[in-house]
1. Note down the net charge around residue A:157, summing +1 for each Lys or Arg and -1 for each Asp or Glu among other residues with Cβ under 14 Å from its Cβ.
2. Where in chain B are the helices, taken as whole DSSP H runs, whose Cα atoms extend 24 angstrom or more along the long axis and whose Kyte-Doolittle mean reaches at least -1.0?
3. Which peptide among A:146-155, B:257-266 comes first, and what is the full order, when sorted by highest mean count of other Cβ atoms within 10 Å?
4. Calculate the spin-label point distance for residue B:371 paired with residue B:206, positioning each point 7 Å from the Cα along the beta-carbon direction, and give it in nanometres.
5. I need the calculated FRET efficiency for the pair residue A:114 and residue B:70, taking r as the beta carbon distance and R₀ as 25 Å, to the nearest 0.05.
6. Determine the dipole magnitude for chain B: charges of +1 sit on the beta-carbon of Lys and Arg, -1 on that of Asp and Glu, nothing else is charged, the reference point is the Cα centre, and the result goes in debye to the nearest 20.
7. Could you name the lysines in cross-link range of residue A:114, using Cα to Cα under 17 Å and dropping any fewer than eight places away on the same chain?
8. Using only atoms on other chains, find how many Cβ atoms lie within 10 Å of each Cβ of peptide B:130-137 and report the average.
Amino acid sequence: MKTKLFILVLALQSAWILGTAIVQEHTLASGKVILLETARVDPRDLLRGDYLILNYKISDVPVNLFSPPATKDLPNGTKIYVALAPTTNQFYVVTRASANEFTPAAGEVLLRGKSDQSRWSSTNSIHVEYGLERFYVAEGTGNPTGKLTAQVAVPASGRSRVKEVFVDGKPYAEAMKERR
Amino acid sequence: MKYGDVQKLQEAGLITDEQRQKIVEHFQLKEDGGKFLVIISFIGAVLVAAGVALLIAAHWDEIPRGVKLISGLALMLGAHGAGWWLRDARKNYPRTGEALHFAGSLLFLANIALVGQIYHLSSRPANVFLLWWVGIAALPWLLRSAAQFALLLLGIGICFGVEINDATSLIRFDDEHQVLLYALLGLVFTGSGLLLRKSYNRDFSRVAETVGLLVFAIFSYPLTWAGFLSWGYRHAELNQWLLPALGALAALLALSGCRHLTALSQQWRVTWGVTLAGAAALLVTANFVAQQNEWHWFGHMTPLNTVAAIAFFIFGLLQVQVGVQERSGFLVNLGVVFIALDLIATYIGLFGSMAFTGLMFIVSGAFLILFAVFLEKKRRALMKQIKTPKEARP
C-alpha cells in the first residue's frame, strides 16, 4: 500500500513537472507572437542561474489610459488588464488598461499583470508586472550590449510568456556566442 | 551505551548472547559502523543534488529543453528508484537507499527550478519552495525516513523565511526582529517533537526535538549581543499577529508535550515545560520592547540584551540538567556550548571604557581560559554520568 502511495507521490511530482512544461509549450506554440522593446539589468538566481531583469516600455502604464480611471495609489498586487496594439515599427504599445477584464478590439492583444508599487514609476503611471520580467541566460552571458527586444507569446488568457530575446535583432544565445 | 560496548561485554564473557540481545532491544541500540556510511552517503546525496542544481543554473543553451526536462526527471525518479531498490526491495543497503531518496527529494526542487528557468517563469520565490514542500510532504511517512522528515522541517523553515521576507506577503516581517520568529519556529518544532514521542510517529520525535532546539539556540543567541534589536527602522506594514500567534503555539506545544518526557521526574517535566513556554513568552516580549532613539557606533548592552543573556544562561543550565536525566549527549553538549557562547557575548557587551581595556583583556582572558577548563571538566563529568547506568550511580 505504502509503495503504491509512494509511486503516486512521485507520479504527482512528475505530473507537475511535465504538466507545467506542456502548458508552457502550448502557450509558446499557440499564443499570438508580439515584439516589445525592453532594457535589462543582470542579477543571479541561487537555483536558476544568471538572468536578465527585463524592464519593458509597457511596464509603466500611464494612468490616463485606464478605464474606468485609476489613480497611482492602486493597491499593490491589483490585477491589471492591458491592451496592446502594434505601431508602425512593429512593436506593441499600450492602448488602454483596466483593473477589470475586458475584450480586446480587433488587432489588439490583452495582457494580464499585477500592479507593483514597490518599483519606481513616473508620477503619472502605474508600474505593472506581467510575469515577463525574467529571462534566464547561460552562465556569464548576462551582460549584453545593444538593443534588446523581446518576442512574447500571448495566449487568450493573457498570461504571456517570453519566447525569445533578441540582441540587435539576433537571438540572445547566438548573439552572445558571437561576442565571446 | 553503544552497540559496540555490549558486543565487547559479550566477547569478554560477562553476558550471554541472549542477554546481549535483550540489552540491544531494551535500549534500541544500532550498529555503530553504520554511522560513517550514513554520513558519507548523505554528503554524497547533497553533493549530487547541489551539482545538478549548479549544472541547471549554468543554463546550457545547446541542450534542447525537452532533453533537459527528461534528464532532470530521469535523475529524480532514478534516485528514488535506486533508493527503493536498495532499501525496500533488496533491503541490504537501507542507509544508502535513504540517502538516495534524500537526493531524489532535493532533485524535485532542482526540477522545479529547471522548469522555471526553461520557461522564464517569474513566480514568487516563496511559492517555489512551498510547491517543493507540498511535493515532498508525504514522503517521511511513506518511506518512514527520519532524513525525509528533517528535510521537511528544513523546507518549512525555508518557506517561512522566504515568505516573511517577501514585501507582498500577508505575513511580511522583513526586519531584524525576524530572528525571533525563527527562534519561535524552533520551539514549535521542539514542542511538536515532544508530542510525537507518544504517537505512531515517535521515530520522528528525536529529529524534531534536535532540529528545534538547535534552531532555537542559533536564532535566540543574537539577542545576547550588545545593541542587537536596539536600533533600526521598523516598517509599518509588518505583520502584527504572527509573532504572538507563533509564541502561543510554541508555548502550548511545549507545555502539552513535556508530559511525555517519562525519563524526567514530575517536577522536572513541569520545570522544562515552563522553561520552554517561558522562552517563547520572552521572545514575543522582545518584539515589543521600545527601541533607542539614538544610534551608537558601538552597540552597548541594553536591558533587552541583559535579560536575554541571563535567560539564555539559565535556559542552558536547565537544558544540561534535562539532558543528564534524559541521557541525551546532544542536549548536554548544546547547552554547554551555548552557555560558553553566551558568556563570550556578555563579556564583549560589558567591555568597559578604553582606559580599562588592557586590564580587562588580561583579567577576562585568564578567566575565560580557566572557565573553559572548568566547563570541559564539567562536560566530561556529565558525559560520564550519562554513560553510567542509573543503577550503578551512587
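1. Charge balance in the 14 Å sphere: +4.
2. Sorted by number, the helices that extend far enough and score high enough are B:34-58, B:65-84, B:94-118, B:146-164, B:178-196, B:266-288, B:303-326, B:329-349, B:357-387.
3. A:146-155, B:257-266
4. 3.3
5. With R0 = 25 Å, the Cβ-Cβ based efficiency is 0.15.
6. Here chain B has a charge dipole of around 1260 debye.
7. Within the straight-line cut-off, residue A:114 pairs with A:57, A:72, A:79.
8. Details: counts 0, 3, 1, 0, 3, 6, 2, 1.
Counting Cβ atoms of other protein chains within 10 Å of each residue's Cβ and averaging gives 2.
Bear in mind that the values in this text are calculations on the coordinates, not laboratory data. Keep in mind the model is a prediction, meaning the values are calculated, not measured. For neighbour counting, all protein chains shown are included, and Cβ atoms are generated from backbone atoms with ideal geometry for every residue, glycine included.
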